[in-house]
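Engineer: This is the structure, below, for whatever I ask next.
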Amino acid sequence: MMRRPGSFLWLVAHDLRLNWRGLTDVFKGSSSQRIAMLLLAAAAVLHLLAWPAVRWLAPVFDGGSKGAVQLAAVVGAIFTWMTAQSVFSATRALYDRAVLDLLLSSPLPAVRVVSAKCLAIMASTLGSIALLALPIADMGAATDGPQWLGVYPALVALALIATSIGLAITMGLFMLVGPRRARLYSHMTGAGIGGAFVLGAQIYAVLSVPVRTALTAWFDKSGLIPHGFMSNVSSLPLGALHGQLSAMGWLLIAGFAFFAATTGFLGERFAAAAIAAAGAPAPGDEANGVPSALRFRTGVSRNLRHKEWRLMLRDPSFFAQLSLQIIYTIPIAVVLLRSHLVPTAFALVPTIVVIAGQVAGSIAWITVSGEDAPELIASAPVTPAAVNRDKLSAVALPVFVIVALPLAGLAATSWRMAAVALLFAAGASASTALLNFWHPMPGNRRGMLRRHSQSKLIGLVEHGLAMLWAFAVVFALIGSKFALVPLAIVAGLLMFSSRAQPFSWLKAIASGSALT
């Protein structure tokens, strides 16, 4: 059946081969033997790192009431992450033409094509979690007992269910808002699902003990917590993770049944939606497309900035990836807020600075490395320095819009702290943006969150710059001269990172030409 073209397993193998090629593209220029050696070395390192993690997680797997709550939280986080990734992948499959058009135009049944595509999505979603979870399961089985191997069937079943839910959400949004807006809504929904559990857990952790107790009691009385049959169903993942064979079996049966029912019901609809999505206008386009296309204005700098902003507004995945990046930075503030020695304002200021630095680095990468028409820009009668200068100024507005709300809230408490936060956030944004301008890493705009896979060193320096600015602002708020130490390290890193004439950018910015 694997060798017969057009069979279900043949289609699955084809999609998995495409996923594997996407993974090996990270190692461009490397031979198959070298890639295999690198992957084996990475697996060995992950298993070594998993050994202390097993010692930390062992009490959670013992089956106590407190451990069950913690294990349920881990399962909830994994499941929401899988669901979010499934929404993203289903949306890409719906709107990306590529092979799907060819397969749907063939005499193959649409349900078979869509089911194979969804199974490949499930495998990709599972791989993103299995990379970290399975080494822990292996080391746990070797050191603590075979019950840890229940992680394998539990993850497979959760991935099947999450993929089914992600497909249903994508199709529901497509039918609700239409092909023109479904892509934007799907990406934002995926980002919301991916960050909802993280934010909810962090908010719950920040609350005081009496408030948490009252909230837990309210949930018990509200009926939102499953009871009876639903309680038994929801406990299957926990039972599988504890090594219960019956729970593993029932969980796998439920996962495959849910997946088969969803793909069977939505297969034809997904194929029709993919055809309808072909050529659907972007969310920001006019109905006829003519008035906006004829509005020309003079000024190279203005048009270049507007071009970058327009591309950002038209790219749904940009907002989704940026939202996830911001959401996963917020726990820094939560950790600080939980410390009774740190005032609220002192916890928010470094978080604002880190978010500004990370967001500026991402947007700078989008404008330079993710440029869709580099040959067209290069052929224009404009110097490369002027192009980069205008693109750098285009990065400033989105960053300011993102940090404006927390800065306004901070200003209501202390305008001086807000001013200091704005100053250091501007410095962090400029430094991370310049780093990405100096060291472009060409790639697809959808790979913004995976851009550091091309250069781990640049990614490390970018994160280091953001954290150094955060340390500096904390020292500045308490009036310590030690603030000069991280600032001096930042200056050194920037001078070392600049390819030539490190001060040319500062002179160009000071000249005011970026504001023309």
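Readers should treat all values here as calculations from the given coordinates under stated rules, not as data from a laboratory. Small disclaimer: the values here were computed from a predicted structure and weren't measured. Using ideal geometry, Cβ is built from the backbone for each residue, glycine included, and neighbour counts are taken over all protein chains shown.
Engineer: Within segment 66-158, report the trypsin sites (Lys or Arg not before Pro) that DSSP leaves as loop and that have at most 13 other Cβ atoms within 10 Å. Let's see the in-between values first.
Structural biologist: Values: sites: LYS66, ARG92, ARG97, ARG112, LYS117; in loops: ARG97.
Listed in order of number, the matching sites are ARG97.
Engineer: So for SER429, SER164, SER246, fewest C-beta neighbours within 10 Å to most, what's the order?
Structural biologist: Details: SER429 29, SER164 24, SER246 10.
With the sparsest Cβ surroundings first, the list reads SER246, SER164, SER429.
Engineer: Ok, one more. MET441's amide H: which non-local residues (gap 5+, or another chain) put their own amide H closer than 5 Å, with H modeled 1.01 Å from N in plane and none for Pro or chain starts?
Structural biologist: SER369
Engineer: Separate question: Express in nm, to one decimal, how much length is gained between ARG21 and ILE275 on full extension, taking 0.36 nm for each residue of separation and deducting their alpha carbon distance.
Structural biologist: On the way: separation 254, 0.36 × 254 = 91.44 nm, distance 2.58 nm.
So the chain would gain 88.9 nm between ARG21 and ILE275.
Engineer: Extending each Cα 7 Å along its Cβ direction at SER105 and LEU484, get the distance between those two points in nm, one decimal.
Structural biologist: 6.9 nm
Engineer: Then there's this: Taking θ as phi - 60°, what are the ³J(HN,Hα) couplings along segment 419-428 by the Karplus curve (6.51, -1.76, 1.60), each to the nearest whole Hz, with x for Gly and Pro?
Structural biologist: So the Karplus estimates, Gly and Pro as x, are 5, 5, 4, 5, 5, 6, 5, 5, x, 5 Hz.
Engineer: Taking the Cβ of each residue in GLU375, GLU462, GLU308 as the centre, tally the other Cβ atoms inside 10 Å and list the residues starting with the fewest.
Structural biologist: Values: GLU375 7, GLU462 28, GLU308 21.
Listed from fewest to most nearby Cβ atoms, that is GLU375, GLU308, GLU462.
Engineer: Tell me, what ³J(HN,Hα) does each residue in segment 38-45 have, in order and in whole Hz, if you take phi through Karplus 6.51 cos²θ - 1.76 cosθ + 1.60 with θ = phi - 60° and put x for Gly and Pro?
Structural biologist: Here the 3J(HN,Hα) series is 5, 5, 5, 5, 5, 5, 5, 5 Hz.
Engineer: Under a point spin-label approximation (7 Å from Cα along Cα-to-Cβ), what is the VAL401-HIS306 distance to one decimal in nm?
Structural biologist: Simple spin-label model gives 1.5 nm for this pair.
Engineer: Between ALA142 and VAL382, how high is the FRET efficiency from 1/(1 + (r/R0)^6) when r is the Cβ-Cβ distance and R₀ = 60 Å? Nearest 0.05. Kindly include the intermediate steps, with their values, before the conclusion.
Structural biologist: Details: r = 61 Å, r/R0 = 1.02.
The calculated FRET efficiency here is 0.50.
Engineer: Let me ask another. Can you run phi through the Karplus equation (6.51, -1.76, 1.60; θ = phi - 60°) for segment 467-481 and list ³J(HN,Hα) in whole Hz, with x for Gly and Pro?
Structural biologist: Karplus values, whole Hz, x for Gly and Pro: 5, 5, 5, 5, 4, 5, 5, 5, 4, 5, 5, 8, x, 8, 6.
Engineer: Can I ask one more? Please rank PHE318, PHE270, fewest neighbouring Cβ atoms within 10 Å first, as an exposure proxy.
Structural biologist: On the way: PHE318 21, PHE270 27.
Lowest to highest Cβ neighbour count: PHE318, PHE270.
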